[in-house]
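The values are calculated or read from the model by the stated rules, or taken from the named source; none is laboratory data. What you see is a predicted model, and the numbers here were worked out from it, not measured in a lab. Note: ideal-geometry Cβ built from the backbone for every residue, glycine included; neighbour counts use all protein chains shown. The accessibility values were calculated without ligands, DNA or RNA, using every heavy atom of the protein model including side chains. Shrake-Rupley method; radii C 1.70, N 1.55, O 1.52, S 1.80 Å.
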Amino acid sequence: MVAGETVIVRGAQEHEVTIPADASDGDRVWEQLEGRWIDFTVVPLARAEVTLEGDVLTLALTSNLAGPEGVTVTLGEEAQQVLLEPGVPGMVGFDLGEPREEMADVLAIDLEADGLSQRIERGIRVTRDLVDIVPMPDHWRGGMCLRGGAETGDFGETRADIREGARRCGGDQKRGIVAHPPYMGATGYVFATWDEVTLPVQPPAALRALVGKGDGSDLGDGILYKLAVIDQAGTETIIAERVVPDHEWLEIEGDLSPWAGETIRPRLIVDPGTDDNTTGDWACAADIRIETLEPTLVRVLEGTGEAFRREPAPFPVAGLTVEDLRGARRGWLRYDGMGLSGTGETYGSYAVLNGVELGNMAPAGGREAEGVWEEGVGVELSAEALATLDFRNRFVLRNPGRDCFKVRRFWLELELADGRRASSLISAATFTQPPGWLYAEGIGVGFEDSITVDIWFER
C-alpha cells in the first residue's frame with residue numbers, strides 16, 4: 001500500500017485501514033483486526049526510472065495502485081498528466097533546456113493521484129568539465145616489439161608483460177593495465193591495442209590516461225609512454241608522449257580531433273626510452289578514457305540527490321567575486337568526522353582541493369559507539385590552494401591506509417583581504433568509508449574510490 005492509501009479488509013466484518021501519510025517506503029505497518037494481525041508493506045505510488053538524455057529528463061513510471069489512475073507529474077512550474085495502468089510503464093518527459101552556468105542541486109519531481117503523493121529526488125549538476133563522450137572498448141590485445149623487429153603476441157623469454165592488474169604509485173593504488181617492456185636478451189616496447197571505436201563528429205575528443213611508475217622500483221631513466229591512433233587504413237599515428245621519471249601518477253593526453261567522425265583503434269605503448277634502460281620499469285596505466293578535448297558545460301543526473309544537499313553559508317557575504325576568493329588572506333576546509341584518524345603512517349588520509357594536495361586530514365575521532373561527531377575540524381588551505389578557488393570547488397579525500405570513518409558537512413571558511421569572514425555553502429551529505437563499516441550511514445564509498453565533494457560559494 002501507498003502512504004495515505006485506504007483499503008477495505010473483509011473478515012467477519014469490514015474494516016477500513018488507512019496507512020499513515022508519513023510512512024516511508026519499505027515500512028511495515030501492522031493492524032490488529034478481529035483478534036488477528038495483518039501487516040502492510042509501504043510502497044511508493046509508482047516505481048520510477050529516471051534518465052537524462054541530452055537535455056531531456058525522462059521518467060518511466062510504473063504504478064503500484066490497484067487500478068488505472070491519472071497521475072499529475074510536476075517538475076518546477078511544469079505539470080503533466082499521465083494515465084498509469086498497474087504494471088505498465090507510463091512515460092513523461094521534461095525538456096530542461098541547454099545549461100547556462102555551473103550549478104548543483106536536488107531535482108524534486110512530485111507525483112499526485114487521488115489525494116496520494118510521492119516525491120522523487122535526484123541529484124542534478126551542471127559543470128564545466130572534461131567528460132566521457134564515447135566508452136573505451138571492453139577488449140584490448142597486448143603484444144610487444146623488439147628493437148628492429150616486428151610486433152608479436154609471443155613474449156618468449158624476454159620477460160615482457162602487459163595485462164590487467166593494479167599497482168601503487170606514490171602511495172596511490174589504481175587498477176588498470178600493468179606492464180614491463182622486454183628486458184631479457186633484447187629490449188623494445190609492449191603495447192595494448194583496443195578494438196575499434198567510432199568518434200563523434202562533435203565535440204572534439206581526446207584520449208587520456210593516468211600513467212605511473214610502481215612504488216619500490218629502481219628509478220632508472222623512467223618509463224616512456226605513448227598514445228597512438230590506428231586508423232581504418234592501418235596507419236599508426238603517435239598523438240602523445242610522456243616520461244614518468246618518479247614513483248607517481250601523471251596525466252597523458254592526445255588530441256583525437258583529426259579523426260572526428262571516424263572509426264579508430266586506440267593504442268597505449270610502454271617503452272623503456274631512448275637509452276633502452278629497462279631497470280625498474282614497473283609500468284601501469286589507469287583511467288583510460290575518451291573524453292572532450294576542452295571542458296564543456298554538461299548536465300549530469302546522479303543518484304538520489306543526497307550528495308547535493310546543501311545548507312546555508314555560516315558566514316554569508318553578498319557579491320563575492322572569484323578575485324575575492326583567490327585574494328583571501330587565509331582559508332580552511334571545515335568538516336565533521338567520526339572515526340577519522342587523519343594522520344599517522346598506518347591510517348593517514350589526505351585532503352586535495354581543486355587538485356592541490358593539502359596534506360593530512362585533521363583527526364576527527366568523535367565517539368562512534370555513542371554517535372557523537374567531532375564538529376568543525378579544520379585543514380588550512382595553502383597559498384596554492386587559495387589561488388585555485390572558484391564558485392565551484394572539488395574536494396577529494398584520499399584514504400590509502402583504508403581507515404574506517406564517516407565525514408559530513410564540508411565547507412570552506414575564508415578570511416578575505418579586507419578582513420571580512422566569508423564562507424561557502426555547506427555540502428551537507430554524510431559519507432562513510434567503507435560502506436560496510438559498523439557505524440555506516442549516508443553515502444557509502446568503497447576503499448577503491450576516493451570521497452569526492454563539490455563545495456559551492458553562492459554567486
_Give me the strands (runs of 3 or more DSSP E) completely within region 1-82, filtered to those with at least 2 residues that are among the aliphatic types (A, V, I, L, M), open to solvent by 60 Å² or more (accessible area, probe 1.4 Å) and out of contact with any strand residue (DSSP E or B) (no Cβ under 7 Å at 6 or more places or on another chain), ordered by residue number._
none
_Just to check your reading of the model, which residue among 417, 422, 428 is in contact (Cβ under 8 Å) with a residue 12 or more places away in the chain, open to solvent by 20 Å² or more (accessible area, probe 1.4 Å), of a type in the set (A, V, I, L, M) and part of a strand (DSSP E or B)?_
428
_Lone qualifier among 195, 276, 271 - being open to solvent by 40 Å² or more (accessible area, probe 1.4 Å), within 25 Å of residue 157 (Cβ to Cβ) and not basic (Lys, Arg)_ = 276
*Does residue 88 satisfy being farther than 26 Å from residue 133 by Cα and open to solvent by 50 Å² or more (accessible area, probe 1.4 Å)?*
yes
*Condition met for residue 282 (within 20 Å of the chain's Cα centre (by Cα) and not polar (S, T, N, Q))*: no
*Can you name every residue in region 109-119 that is open to solvent by less than 30 Å² (accessible area, probe 1.4 Å) and either touching a Ser or Thr at 6+ places or on another chain (Cβ under 9 Å) or under 14 Å from residue 78 (Cβ atoms) (or both)?*
109, 111, 113
*Inter-residue pairs, beta-carbon under 7 Å, first over 16 Å from residue 403 (Cα atoms) and assigned to a loop (DSSP other than H, G, I, E, B) and in region 438-457, second modelled with pLDDT under 95 and among the acidic types (Asp, Glu), 6+ apart*: 442/306
*asked:* Contact list please: Cβ distance under 6 Å, first residue in region 81-95 and within 12 Å of residue 47 (Cα to Cα) and touching a residue at least 12 places away in the same chain (Cβ under 8 Å), second residue surrounded by 15 or more Cβ atoms within 10 Å (Cβ to Cβ) and β-branched (Val, Ile, Thr), pairs at least six apart or on different chains.
replied: 84/71; 89/62; 90/82
*Do we have any residue at all in region 436-455 that's open to solvent by 50 Å² or more (accessible area, probe 1.4 Å), polar (S, T, N, Q) and under 24 Å from residue 312 (Cβ atoms)?*
yes
_Single residue of 214, 170 found to be in contact (Cβ under 8 Å) with a residue 60 or more places away in the chain, farther than 15 Å from residue 278 by Cα, touching a His at 6+ places or on another chain (Cβ under 8 Å) and not aromatic (Phe, Trp, Tyr)_ = 170
_Single condition residue 105 does not satisfy, out of (1) of a type outside the set (A, V, I, L, M); (2) open to solvent by less than 40 Å² (accessible area, probe 1.4 Å); (3) in contact (Cβ under 8 Å) with a residue 60 or more places away in the chain; (4) more than 30 Å from residue 215 (Cβ to Cβ)_ = (2)
*Would you point out the residue of region 282-303, among those that are out of contact with any Gly (no Cβ under 7 Å at 6 or more places or on another chain) and not in a strand (DSSP E or B), that is surrounded by the fewest Cβ atoms within 10 Å (Cβ to Cβ)?*
294
*asked:* For region 387-414: of the residues being open to solvent by less than 10 Å² (accessible area, probe 1.4 Å) and outside any loop (DSSP other than H, G, I, E, B), which is nearest to residue 436 (Cα to Cα)?
replied: 405
*asked:* Quick check on this structure: which one of 345, 323 is of a type in the set (D, E, K, R), outside any strand (DSSP E or B) and either under 28 Å from residue 437 (Cβ atoms) or open to solvent by less than 40 Å² (accessible area, probe 1.4 Å) (or both)?
replied: 345
*Tell me which residues, restricted to region 219-240, are at pLDDT 95 or above and among the acidic types (Asp, Glu).*
231, 236
